[in-house]
1. Cβ neighbours within 10 Å, averaged per peptide: list A:169-176, A:313-320 in order, most packed at the top.
2. Report the relative contact order of chain B, percent, no decimals, based on alpha-carbon pairs under 8 angstrom and at least 6 residues apart.
3. Using 0.36 nm per residue of separation minus the Cα-Cα distance, give me the extension gain between A:THR160 and A:LEU256 in nm, one decimal.
4. Work out from phi, with θ = phi - 60° and the Karplus expression 6.51 cos²θ - 1.76 cosθ + 1.60, the ³J(HN,Hα) of each residue of the stretch B:310-326, listed in order in whole Hz, and give x for Gly and Pro.
5. How long are the semi-axes of the equivalent ellipsoid of the stretch A:1-116, taking √(5λ) for every eigenvalue λ of the Cα gyration tensor, in whole Å from largest down?
6. Report, by chain and number, residues whose modeled amide H sits under 5 Å from the one on A:GLU3, excluding near sequence neighbours (fewer than 5 apart, same chain).
7. Once the piece of chain linking A:ALA399 and A:LEU387 is laid out straight, how much longer is it, given 0.36 nm per residue of separation minus the C-alpha distance between them?
8. Can you run the Rg to Rh ratio on the stretch A:278-321? Use alpha carbon positions and the Kirkwood inverse-distance Rh.
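What follows is calculated from the coordinates using simple rules that are stated; it is not laboratory data. Worth saying up front: this structure is predicted, and the values here are computed from it rather than measured. Here the Cβ is made from the backbone with ideal geometry for all residues, glycine too, and neighbour counts use every protein chain on show.
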2 protein chains.
Amino acid sequence: MPESVAIVGAGLVGCVAALGLSAKGYDVSVYEMRKDPRTDAASGKNMRSINLAVSDRGIRALHYIDSAMANRVLRNVIPMTGRMIHDATGIRQESQPYGLFGESIKSIDRLLLNRALLDELDRRDIAVHFGHKIVDMSSVSVDAPVALDFLTAGERRTYTYDYVVGADGAYSQSRYLMQKTMRMDYFQKYVAQQYLELYIPPADSMDAAGGVPRYSLDPNHLHIWPRKEYMLIALANHDGSFTVTFFCTWALIEALHTADAFLTFFRSSFPDAYTLIGEEALRQAHRHQPRGALMQLAVSPFASPNRRSVLIGDAAHSMVPFYGQGMNCGFEDVHVLMKLLDDSDDLKEALARYTPARKDDVDTICRLAYENYRNMSAQVLDPLYLLRKKIDYVFGKYANGRLFPWIPMYTMISFRGDIRYSDAERIEKRQAGILAFLSWAGAGGIAVLAAGFSAHWFRTLSRH
Amino acid sequence: MPESVAIVGAGLVGCVAALGLSAKGYDVSVYEMRKDPRTDAASGKNMRSINLAVSDRGIRALHYIDSAMANRVLRNVIPMTGRMIHDATGIRQESQPYGLFGESIKSIDRLLLNRALLDELDRRDIAVHFGHKIVDMSSVSVDAPVALDFLTAGERRTYTYDYVVGADGAYSQSRYLMQKTMRMDYFQKYVAQQYLELYIPPADSMDAAGGVPRYSLDPNHLHIWPRKEYMLIALANHDGSFTVTFFCTWALIEALHTADAFLTFFRSSFPDAYTLIGEEALRQAHRHQPRGALMQLAVSPFASPNRRSVLIGDAAHSMVPFYGQGMNCGFEDVHVLMKLLDDSDDLKEALARYTPARKDDVDTICRLAYENYRNMSAQVLDPLYLLRKKIDYVFGKYANGRLFPWIPMYTMISFRGDIRYSDAERIEKRQAGILAFLSWAGAGGIAVLAAGFSAHWFRTLSRH
């Protein structure tokens, strides 16, 4: 009889974990507090989030489980080959490609992706119990299975599983319950920024209804309005619309507490976006749309010492959205766990090895995501940053693999899932060091030439 | 009508907060999950903790509220004027005084102190509701009072208060509920050490029963068996016994998992303590006494932005016990809050100012407590540390106030509650800097003399 696994949370990472462990032969059941997002009309509103960008790590994890499944699930993505920088005049747009060879990250609506993944669970007869809120977890030893208590329709029910995987997001209840029975280090810090969700409708609603969606902006770019202290971004949806997110500090949004102040600010900061979103929609969003908090969160270890429970995805590591890696990192968690299972075919053994195998990488991407805010909101305009991008482009495209190894950081993170996050950071440090050395050596070379020339000139002068 | 305050937790800090706010004219009620420790026979076992040392900050806070109360509550303390270092032979003991002028910290049993404080609450007619577990807290705005839901005897009851003070310890439920409604940064980290509680009985149980307690060790010292990687400490109780605590890494205690291994280890490490505790008692403790985890914990901010709720004591900042400041810091929280009330007589205003007024000091003592493990377990044997203690003694006793200001660090933390923790750290950094300068200057002076002498000698030689 196969061992049983309960997965808490039927969000993106929970579904992928269910598919992965089921593919490995485990008897998987999924428990989700909310209703089925495929039938619940309100779920669109409840699953607030900026649009997601699937990139190599996420895609690799899906293909590792089942390529046909991966292709079905990802059929509706919109490739984004670069950033489109919108300047303050509202007139100029400038494209900055993401990759060296036209690689793209893929925009997808969270709700669509979640529904597609749930359909895949159905296809494999993996039971998903909606409306089940976990309220207790007793996990006593390495030899006993885990008892899980759920509250459903006012009743309390207990189920027993060999293992439990907590994939219930940043505000994880399973993490809270695990913390009661083990020594779990925990860190949570809110950043100074908040976000407000906005929306650009399809360019021509008549046409969109007719079939072919029409976009107001290039759908194959991630649009950024970088203004240093605040920024706006937009990602295309499949129907011709864009999901737009306004990031700024809590101090700023609180200062803009009247609709008029907000509209005036928005029009002068993002004139083109102001027109595309529309004054009335902005006024409504300002009044009704809640402000989202952004948090960094880390735990250690991920797995309990009795090797019966583990946290993955946002339950184990929440990051700010500025590197587009939150979901990708969560999918990679499942990928790492599956590769550990390839080695030993024993989930206990895999869980014992999981934290040391994964912790560094997760900490690295959380840090990089935080640092990338400056990058997206300000550095994209910085001449030195742009010069570095050009050098990366030339070295990465023409030197790498021929003359010397050179891979731009963004490429390693988003397009090279075979390179660990922590290795990517090490490689980038080395590359930055080489550039610093070259620039000093260049300056030094010029100084030597200058010194040589002056010596020559001095000798020449002295001769006369 | 006075404003109302609910205090969650009737432990030491919760009781002191109740006394303090009641003295300031608030209508205070206290809610406690456990039973009344004065009537519940099991409470001695449930309130596991090493003995406490009350020092100046804690005493000051109590006297600030009511001197007569402070004197009653502290009447059973045992003064400890220094550390008694037990060497590895089990024969030699060496006293290291804590203060310059015979100052003492005071040993007290947690349960006795808690009972005495609860008696003081009764004396002031402050209602304490035992057996009330907080399960929900809704605190919506600055203008509305706080609704608190408690579970008591299987029933759910809601009460409304103007303010709520969470004083329910490191595993605070009120903190968990506050986190749901505000952005609270949170940090929790377990240290490598665990602790195991042990016990030295009175020297002569016949005599102790008769009246005058007799001690096996000097009761007016905090006894330490410093062994670097592990250590034992003992604090006197009022009845002639000692509460003993064994600190070591989790790795070590897990390696000593058989009783025989533990006994052999214990006898060779602490021969005198082995005899005093007794083999059978050690065997029982090894088998039945749970290992205690030690955690550092910090939150920010302490008070909610709507200025209706606040965390104090271990709920807001848990520290390891190595500076004996956990409870003292919690009492000082109340003291700081009361001084803010002296300024404004408005608890909303006081809560708005509390986090900036308190955060630095709390972070400082948490860090110092962690660093003090090395101090207690190893440095007390280090000749350089002992030299520094001697310099501190001479400068602190004879120079301070006459020639130049000089206050030893331990004195500032434990005997000078008028100096903020963060200021103490700054002053100590300056003092350490002066000593480093003097030792360099001394070395420099010697070098100059030596150079002068060799020059003279060289000249003398050259003359011949």
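1. Details: A:169-176: 20.0, A:313-320: 26.0.
With the highest mean Cβ count within 10 Å placed first, the list reads A:313-320, A:169-176.
2. Working: 800 pairs, mean separation 84.0, N = 464.
It rounds to 18 percent for chain B.
3. Working: separation 96, 0.36 × 96 = 34.56 nm, distance 5.14 nm.
The A:THR160-A:LEU256 span can extend by a further 29.4 nm.
4. Those phi angles translate into 8, 9, 9, x, 4, 5, 9, 7, 9, 10, 6, x, 7, 10, x, 10, x Hz.
5. Taking √(5λ) for each Cα gyration eigenvalue gives 33, 19, 10 Å.
6. HN-HN under 5 Å from A:GLU3: A:ASP27.
7. Details: separation 12, 0.36 × 12 = 4.32 nm, distance 1.68 nm.
Stretched fully, the A:ALA399-A:LEU387 segment lengthens by 2.6 nm.
8. Details: Rg = 18.2 Å, Rh = 13.5 Å.
We get a ratio of 1.35 for the stretch A:278-321.
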